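Trainee: This is the structure I want to talk about, given as structure tokens.
Computed from the coordinates by the stated procedures, all read-outs in this text should not be read as laboratory data. If you're wondering where the values come from, they're calculated on a predicted model, not measured in any experiment. Cβ atoms come from the backbone with ideal geometry, glycine included; neighbour counts cover every protein chain shown.
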Amino acid sequence: MKLSIQQVVKDESSLVLFKVRLKTLAKKLGFDPISIENMQIVASEMLSNQVKYSNKTGMVQLWFHGERPNGERFQSERKTNEKRSDRKGNRQSPAPVTIDIFAMDYGPGIKDVDKAYKDGFTTSKTMGKGLGSISRMADESDLFTITETSTDKNVWHGVACWARFYRSQKEKIDAYQYGMFCRAYHDMAQNGDDLWLNLNENKMSCLHLDATGHGPEAEKIAQKVRTIKTDIHVHNVEKMLDITQRTLATTAGAAVVALKYNSEVGEGEYCAVGDMRLFRIVQSSDKQLEKSQLKELKVCSGILGSASRSYSRQKFELKTGEVIFSASDGIRRNWKLKDFSVLWDKHPQLICFFLGNKKGRSSDDQSIIALKRL
């Protein structure tokens, strides 16, 4: 997933500029005219709401995934749109080609979200079709808000809204939800953090890397890992790290997480080395979000390829609605579940965008992946 555009939203001219850039990217990625029109409507609603209500605190981002704008598949993903099978016969697909729009502000927030989703409701003198049209036009969308009067002044309040469009509906995964965030130090062209996903109908495999350092040096390390064939995903997580270890043997190394999940049984396994944070949001027995707990998972010390010690597979189980995260050290750890309690019930992609933007450190590469059982 790559960040294409980020811009401040202050007035209607911001909307015009963003829509032009959005249309250009969507055409390069091969989206059909109807999808592009829907994207334009969603962008208009998101940014118009920021202009009206956010007191000029709005920001919008445009992300894309699956292909570079010139049509070339990312090296870490499959270069064909045809499905294939792994060694066990599981049907696998290339990473979906998607466009994501993420808008976030520090305004007063929305007091009644359910009412705001109803067409015709507005606190201004406009038609009031914003939130309702976003949920209808986008293939996936979600919203997170905290009102200014309901939170401590030191905790975020405002609105975070996300919408996703798939180039092909056949690429959409329905058995589980996942989200990603990956951004370079000071938005440089080089990024030492990276995520490689392999998806099929019921299973997900991921290799999450945070290379030592940042800039060109870290990018070179990540680039070596990108040369590994995607068939690495047919192995168990311990073997995935063995292959990565050998690949990084002549480098300064990296912190790496290999993670697999099977949605049919709600179980998975992982293997992790280095300064990475793995945790689960564990629901309470009565499924009350405010009583959920953040449970840290074991990560072996060391640096893969340089000074790693022995590591072993660890298993985990997800109950319905629970989420597992892997985050590099570019994501701050100075937050608590109660700071954003309602967030953890949202789509993992919205969670990743929010945490990445709110808790990402601009002085380092940042990445996070989240997986949720439906």
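Trainee: Once you've got the Cα coordinates, tell me which of K170/K346; K10/K291; K260/K338; K28/K295 are over 32 Å apart. Spell out each step's value before the answer.
Mentor: Numbers: K170/K346 23 Å; K10/K291 38 Å; K260/K338 28 Å; K28/K295 42 Å.
Over 32 Å apart, Cα to Cα: K10/K291; K28/K295.
Trainee: On to the next question. What ranking do L3, L209, L131, L304 get, fewest neighbouring Cβ atoms within 10 angstrom at the top?
Mentor: Details: L3 17, L209 27, L131 24, L304 31.
Ranked by crowding around the Cβ, least crowded first: L3, L131, L209, L304.
Trainee: OK, next. Could you pull out the pairs from K298/K372; K19/K220; K2/K224; K220/K319; K52/K358; K118/K336 whose alpha carbons sit more than 27 Å apart here?
Mentor: Details: K298/K372 19 Å; K19/K220 34 Å; K2/K224 19 Å; K220/K319 39 Å; K52/K358 22 Å; K118/K336 32 Å.
Over 27 Å Cα-Cα: K19/K220; K220/K319; K118/K336.
Trainee: Quick check on the exposure proxy: order H214, H157 from fewest to most C-beta atoms within 10 angstrom. Please list the in-between numbers first.
Mentor: On the way: H214 21, H157 18.
Least to most surrounded, the residues fall as H157, H214.
Trainee: Students often check this: by mean Cβ neighbours within 10 Å, which of 58-64, 274-280 ranks highest, and how do the rest follow?
Mentor: On the way: 58-64: 21.9, 274-280: 19.3.
The most tightly packed comes first, giving 58-64, 274-280.
Trainee: Starting from one equal scatterer on each C-alpha and no solvent at all, send me the Debye-based log10 I(q)/I(0) for the chain at q = 0.08, 0.10, 0.11 Å⁻¹, two decimals.
Mentor: -0.39, -0.63, -0.76
Trainee: Under 8 Å for C-alpha pairs, at least 6 residues apart: give me the relative contact order for the chain, rounded to a whole percent.
Mentor: Details: 863 pairs, mean separation 55.5, N = 374.
15 percent.
Trainee: Looking at the range 173-374, what % of the alpha carbon pairs are farther apart than 29 Å?
Mentor: Numbers: 3837 of 20301 pairs.
Of all Cα-Cα distances in the range 173-374, 19 percent exceed 29 Å.
Trainee: Then there is this: Rank W335, W344, W162 by mean-square fluctuation in a GNM of the chain with C-alpha springs under 10 angstrom and give only the top-ranked residue.
Mentor: W335
Trainee: If you don't mind, there's one more thing I want to ask. What distance in nm separates the two pseudo spin-label positions at K358 and N334, each 7 Å out from Cα along the beta-carbon direction?
Mentor: So the two model labels end up 1.6 nm from each other.
Trainee: Turning to a different aspect of this structure: Specify the residue with the greatest mean-square fluctuation among I41, I134, I324, computed from a Gaussian network of the chain linking alpha-carbon atoms under 10 Å apart.
Mentor: Checking each option, the largest mean-square fluctuation is seen for I41.
Trainee: How large is ³J(HN,Hα) for each residue in the range 243-256, as worked out from phi by the Karplus curve 6.51 cos²θ - 1.76 cosθ + 1.60 (θ = phi - 60°), to whole Hz, x for Gly and Pro?
Mentor: Going residue by residue, I get 5, 5, 4, 5, 5, 8, 4, 9, 10, 6, x, 7, 8, 9 Hz, with x marking Gly and Pro.
Trainee: Two-decimal Rg/Rh of the range 292-374 from alpha-carbon positions, Kirkwood Rh?
Mentor: On the way: Rg = 14.2 Å, Rh = 14.4 Å.
Result: Rg/Rh = 0.99.
Trainee: What does the helix-only formula give at 222 nm for the chain: each DSSP H stretch with n ≥ 4 adding -39500 (n - 2.57), the total divided by the residues, and the result rounded to the nearest 500 deg cm²/dmol? Show your work: numbers first, answer last.
Mentor: On the way: 7 runs with 84 residues, N = 374.
Helix contribution divided over all residues of the chain: -7000 deg cm²/dmol.
Trainee: Another question, if that's okay. Most mobile of S135, S263, S13 per a Gaussian network model of the chain (Cα springs, under 10 Å)?
Mentor: Looking only at S135, S263, S13, the biggest GNM fluctuation is shown by S13.
Trainee: List E267, E45 from most exposed to least, where exposure is judged by having the fewest other Cβ atoms within 10 Å. Spell out each step's value before the answer.
Mentor: Numbers: E267 14, E45 21.
Lowest count first: E267, E45.
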